[in-house]
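Structure first, then comments.
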Amino acid sequence: MSAARLAELIRDAQPCVVLTGAGVSTESGIPDFRSPTGIWAEFDPLEYASIEAFRRDPAKVWSFYAPRFAMLTEAEPNDAHRALAALEEAGYVRAIVTQNIDLLHERAGSRDVIEVHGSIRTSSCRACGASYPLAEVVALLEREPAPSCVACGGVLKPDVVFFGELLPEWAIERASELAREAGLLLVVGSSLEVYPVAGLPLETVQAGGRLAIVNRDPTPFDGDAELVVHAAAGETLRATADLLL
Ligand code: APR
């Protein structure tokens, strides 16, 4: 049974570092990106999620992000988020590196979360740098399609990493350090298609660590993993946590 094998790996291959992607949040009602029903099947990421598109037409990019902000703020953590928070609390998970911007790990109670693609927590003014918390941005979005800075009128940008932007240096360096020091890197809900994050599994393996993947679809790193579970994250992680806690 996969949960028993995963529980044994987490227990024996410490420290366990978790790497999550959009697949850990689909059971919270948030679509992922590359599944057949994912967001990129409907929207072209270069038109709606690249820094070039934002510079060219911020209102168009906000027309994509505004409904996502509403969806993400209404979503609730699911069994996978809760299981990972409980495993951290019990000392089985050292930290979570997440590609997700939805704040659900933090809302589930996880404390050491490295958001390598930023998050919706704040948006910033491109002109003067003023920072706006999520609640203020949601309120501004009710009044205008592309929120503008109250102080200087500049256009706000979500503090998430767009295609064509660099990841926060501190975040990817910490993620890489965690991957190299991990006894086990547990990947949950990621297609492992987007670099530099997709390079983390091999950093673990090359440093002598072990790899486990819980993902509905195959990934390019399944062959490097000691355990691959092609099943739902919520059910798998809940069953695994039940065996360890
Ligand atoms: N349980 C397990 N796996 C799931 C579930 C689920 N409930 N739902 C979806 N998945 C799997 C899918 O099979 C898919 O392989 O999660 C994976 C999600 O992959 P992507 O949609 O590519 O998401 P992610 O890996 O996070 O994308 C990385 O790409 O577009 C950018 O910035 C965006 O952070 C994102 C990055």
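Here A151 meets the list (1) away from the ligand (no atom under 15 Å from the Cβ); (2) within 29 Å of E235 (Cα to Cα); (3) of a type in the set (A, V, I, L, M) almost entirely, failing just condition (2).
Each row is one residue, and each column tells you yes or no for (1) among the β-branched types (V, I, T); (2) more than 13 Å from the ligand (Cβ to nearest atom); (3) outside any strand (DSSP E or B); (4) within 30 Å of C125 (Cβ to Cβ).
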site	(1), (2), (3), (4)
V138	yes, yes, yes, yes
L167	no, no, yes, yes
P201	no, no, yes, no
L211	no, yes, no, no
G234	no, no, yes, no
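Take the conditions of a type in the set (F, W, Y), within 13 Å of the ligand (Cβ to nearest atom) and under 24 Å from F163 (Cβ atoms) and apply them to W40. Does it pass? Show your work before the answer.
On the way: of a type in the set (F, W, Y): yes; within 13 Å of the ligand (Cβ to nearest atom): yes; under 24 Å from F163 (Cβ atoms): yes.
Yes: the conditions hold for W40.
Listed here are the residues, each with its yes/no results for (1) modelled with pLDDT of 95 or more; (2) crowded, with 17+ Cβ neighbours inside 10 Å; (3) under 28 Å from E47 (Cα atoms).
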site: L156; (1), (2), (3): yes, yes, yes
site: E193; (1), (2), (3): yes, no, yes
site: P201; (1), (2), (3): yes, yes, no
site: Q206; (1), (2), (3): yes, no, no
site: N215; (1), (2), (3): yes, yes, yes
site: F221; (1), (2), (3): yes, yes, no
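The set of residues from region 86-102 being part of a loop (DSSP other than H, G, I, E, B) and closer than 13 Å to I114 by Cβ comprises Q99, N100, I101.
One residue is enough: does region 51-64 have a residue meeting the conditions touching a Leu at 6+ places or on another chain (Cβ under 8 Å), assigned to a loop (DSSP other than H, G, I, E, B) and within 16 Å of the ligand (Cβ to nearest atom)? No, because not a single residue in region 51-64 is touching a Leu at 6+ places or on another chain (Cβ under 8 Å), assigned to a loop (DSSP other than H, G, I, E, B) and within 16 Å of the ligand (Cβ to nearest atom).
Screening the candidates A171, A83 for the property of being within 16 Å of the ligand (Cβ to nearest atom), surrounded by fewer than 21 Cβ atoms within 10 Å (Cβ to Cβ), not in a loop (DSSP other than H, G, I, E, B) and not assigned by TED's automatic domain parsing to the domain that holds F54 yields one hit, A171.
The values are calculated or read from the model by the stated rules, or taken from the named source; none is laboratory data. Values in this document were obtained by computation on a predicted structure and should not be read as measured data. We place every Cβ from the backbone using ideal geometry, glycine too, and count neighbours over all the protein chains shown.
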